[in-house]
Amino acid sequence: MIISKKALPRRTFLRGAGAALALPLLDAMVPSLTALADSPANPARLRRLGYVYMPMGCDISRWTPPSGDTLDELSPSLSPLADVKQHVAVISNLELRNAYPGTHATSNASFLSAAKAKRTESTDYYLGTTADQIAAQQIGRDTQLASLELSMDLISVVGQCDNGYACVYQNNLSWSSPTTPLPAEAHPRLVFESLFGEEGGTADRRASLKKRASLLDSVVDELARLQKSLGQSDRNRVTQYLEAVRDVERRIQQAEAVAGDNPLPDRDRPTGVPASYADHARLMFDLQILAMQGDITRVISFQLAREASARAYTEIGISEGHHPLTHHGGDPDKIAKVAKINQFHVGLFAEFLKKLAATPEGDGSLLDHVLYLYGSGMGNPNVHDHVNLPIIVAGGAAGKMRGGRHIRYGEPMPLANLHLTLLDKVGVRLDSFADSRGKLDELFEPLNV
């Protein structure tokens, strides 16, 4: 018997006027008589790493899990993780020594770099290459985007923002070199176009926008030809993926359509985003799912809000600004409101993890094959310290990570140790990172091969 099936390349695109749509992993991408584990399409080989930044620390008493080494019982701030706790590990007593002298700017700047920011209000800023960009240099070379930098706020990169530190430190999580910050994008439309818009197709995309047409309409003919060559399971998978893409695009269009009706826009947010903070954040999380499904990028950083943000979370009943509340001076009412904001942010991350778990990929889910770090560069915001940071690690890391645990160190451990460990688990080999003292191998199980 001769089998002549030719596998579909993993880097397959549907192209139309101004559009280049990457596809999710399909059975047709696995060569005949080849096990998925031995195929280049194996999602375990993709090695994907994400970071989500939560600003201004937490109320540690409402954050720390009360049940010792497990997550059998969750704290109030972490309660939204109940349905996905088997996929997460909470780590206590990590520190960022290089974030001192204790500012909002250095909390943000040191989170992914673990480096000390040069104190300057000018353009002679200097930090360090961040962990995400070290990963991007190695695991992002074969993707459309080496990395994706996202935020929720309009970002200013000039001027002085915090006690003699340039705004660039406070507003940029990712640095590709000690002198090169990578600005993040907060506008879902621009992120969507960077993922699915073909280079050079700007005029076509703008024309589609004016007609309120979907970017996907231009790939209908090519999609029909592709579907004829696929098996039923692959056709269903492509259909579900395109429905997810179209849903995100529709939500972006709806936000843009009502933007002109808002007489008092938030000056910290771009125009044309959903009026609700939660809806905006959900869009940004969903864009991350689409980017990973299509293997458009394997490295993502996302700033939920910038340090010193005075955003009021009225949708959860908090009318005071976040930053003023964190300087609570021991006021129990203000502390409770800070904890409620922490819980709100964790809840959005938990929703994201649930969607990853519900997204099939290979022999598991997308959550099984990714690794995400969620946390803050500040511990107690009332005193601006950088010890006992709120840190969560989520995802299966292709069989390497064990969830459902609370890991508590007896003495402060550098956050850089965790960065070094996560880089190692996605195949980036480093002997040291910033002030690291070694890897945290107890976080993971040996990979069964």
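The values are calculated or read from the model by the stated rules, or taken from the named source; none is laboratory data. Please read all numbers here as calculations on a predicted model, not as lab measurements. Glycine gets a Cβ as well: all are built from the backbone with ideal geometry, and neighbour counts include every protein chain shown. What goes into the accessible areas is simple: the full protein's heavy atoms, side chains included, and nothing from ligands, DNA or RNA. Shrake-Rupley method; radii C 1.70, N 1.55, O 1.52, S 1.80 Å.
Looking only at region 398-436, residues that are among the small types (Gly, Ala, Ser) and under 18 Å from the mean Cα position of the chain (by Cα) come to 1 in all. Got at least one residue in region 295-304 being modelled with pLDDT of 95 or more and in contact with an Asp or Glu (Cβ under 7 Å, 6 or more places away or on another chain)? Checked against the condition, which is being modelled with pLDDT of 95 or more and in contact with an Asp or Glu (Cβ under 7 Å, 6 or more places away or on another chain), region 295-304 yields at least one hit. Can SER75 be described as in contact (Cβ under 8 Å) with a residue 40 or more places away in the chain, open to solvent by less than 10 Å² (accessible area, probe 1.4 Å) and among the hydroxyl-bearing types (Ser, Thr, Tyr)? No.
For region 229-272, a residue qualifies if it is under 20 Å from the mean Cα position of the chain (by Cα) and modelled with pLDDT of 90 or more, and the qualifying residues are TYR241, ALA244, VAL245, ASP247, VAL248, GLU249, ARG251, ILE252. Exactly one residue out of SER67, SER39 is modelled with pLDDT of 80 or more and either surrounded by fewer than 21 Cβ atoms within 10 Å (Cβ to Cβ) or in contact with a helix residue (DSSP H, G or I) (Cβ under 8 Å, 6 or more places away or on another chain) (or both), and it is SER67.
Of the residues making up region 266-317, those that are among the acidic types (Asp, Glu), assigned to a loop (DSSP other than H, G, I, E, B) and more than 22 Å from ALA339 (Cβ to Cβ) are ASP266, ASP268, ASP295. When THR103 is tested against the conditions (1) open to solvent by less than 40 Å² (accessible area, probe 1.4 Å); (2) out of contact with any Asp or Glu (no Cβ under 7 Å at 6 or more places or on another chain), the lone failure is (2).
A single member of ILE335, ILE407, ILE341 is part of a helix (DSSP H, G or I), open to solvent by 10 Å² or more (accessible area, probe 1.4 Å) and of a type in the set (A, V, I, L, M), and it is ILE335.
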